[in-house]
Amino acid sequence: MRFTRILQTLLVVAIMLMAAVPAFASDGQPPGQVVWGDFTLQSGQTMAGDLIVFGGDVRIEADSQLEGSLLAWGGDVEIAGTVEKDVVAMGGDVLLRKTARIYGGLVALGGTVEREVGAQVRGQQLVNPPRWSWWRWGWGAVPIPVYPYWPSDGLPAMAFQVAMRGGRLLLRTVVMAGLAGLVALLWPRAATRVGRSALERPLNAFGMGLLTLIVGVLLAVGLIITLCLSPVGAAVAVALVVAVLFGQLAIGIVVGERLMPTLTSRAVAPFWTAALGAGLLTLLVDLLDLIPCVGWVGGFLVTCAGLGAVVLTRFGTME
């Protein structure tokens, strides 16, 4: 579901920032800077510490100096000045002007590297290793191993793409079905309360879920940006993802109960009815997601309704 993938991406960013905090904290090292959006280090300026840029282009102009490493995520990088340590670009192109000086290494994943005559990279240069490629798997573009003999064009490539998409859909369906079965066995009453609340009062659940989603994402991002409170922001993101997932599973469990009400074996019925309902719900939402422009609506409705039901019932602890 598209909005769940956005939340998962937020969680990954939060974990990356948590990992970066110790480098910025102390040990006598100069502080670093985290930037959301475009960033330019203007000519003649010197910046101490590391620089991390998310979702924007980076320009290091001529006669400027970065006294640390550069990590750019999701944007293009243009360097005409000096970088004292490493440069890592993920999901963007790198342009090295003739005056560029990188005294560490250069790593580029998911983009191209163009070097003008005179540009210098003192360390090792690694650009899109042959066994790695950028692949959209579930919630975003991530590097996964891709072997060179896999087809890249023509009918074999089309068949490979269809097989990969079908395998991903099948895997998500099986995983969600299994998780729903476990939830139905471990927390049957809580899951049933949440699922019934979402299905019996869909407008209330959707409204509360939409409000919680907006507030939760803004709160998590705001805390992460402060750096010192990034662990709290990451915890908020984790809680939000868990609540969304639990809401989706709970809706699937109740759907399964209503589709298979005649099963009599109490030892088997809870697991299999929940697995059937969650599997069918996941399969339906993923199939709808294939429709251009409007396919995301189904996943959005399920996500908000499930999240709202979780909040209204306090994770199923009350009606």
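What to note about this one:
- Each residue of region 110-125 was assigned a 3J(HN,Hα) from its phi angle through the Karplus expression (A = 6.51, B = -1.76, C = 1.60, θ = phi - 60°), giving x, x, 9, 10, 10, 10, 7, 4, x, 5, 10, 10, 6, x, 6, 10 Hz with x at Gly and Pro.
- Local electrostatic count at residue 61 - Lys and Arg +1, Asp and Glu -1, tallied over other residues with Cβ under 10 Å: 0
- Length gained on full extension, residue 126 to residue 169: 12.2 nm, using 0.36 nm per residue less the C-alpha separation.
- Short-range pairs are left out: with C-alpha atoms under 8 Å and at least six residues apart, the relative contact order of region 32-135 is 18 percent.
- Prolate/oblate/rounded label for region 32-135 (Cα gyration tensor, a/c 1.5): oblate
- Relative packing of 190-199, 289-298, which averages over residues the other C-beta atoms within 10 Å, highest first: 190-199, 289-298
- Segments 95-102, 82-89 sorted - mean Cβ within 10 Å per residue, highest first: 82-89, 95-102
- Of the peptides 281-288, 209-216, the ranking by mean beta-carbon count within 10 Å, highest at the top, reads 281-288, 209-216.
- 5 angstrom amide H check on residue 112, placed H, neighbours 5+ away: 93, 94
- Percent of Cα pairs exceeding the 26 Å cut-off, where the set is region 154-312: 36 percent
- Karplus-derived HN-Hα couplings along region 93-106 (A = 6.51, B = -1.76, C = 1.60, θ = phi - 60°), whole Hz, x at Gly and Pro: 8, 10, 10, 9, 6, 5, 8, 5, 9, 10, 8, x, x, 10
Bear in mind that the values in this text are calculations on the coordinates, not laboratory data. As the structure is a computational prediction, the values presented were derived from the model and not from experiment. Don't worry about glycine lacking a Cβ; one is built from the backbone with ideal geometry, like all the others, and counts go over all protein chains shown.
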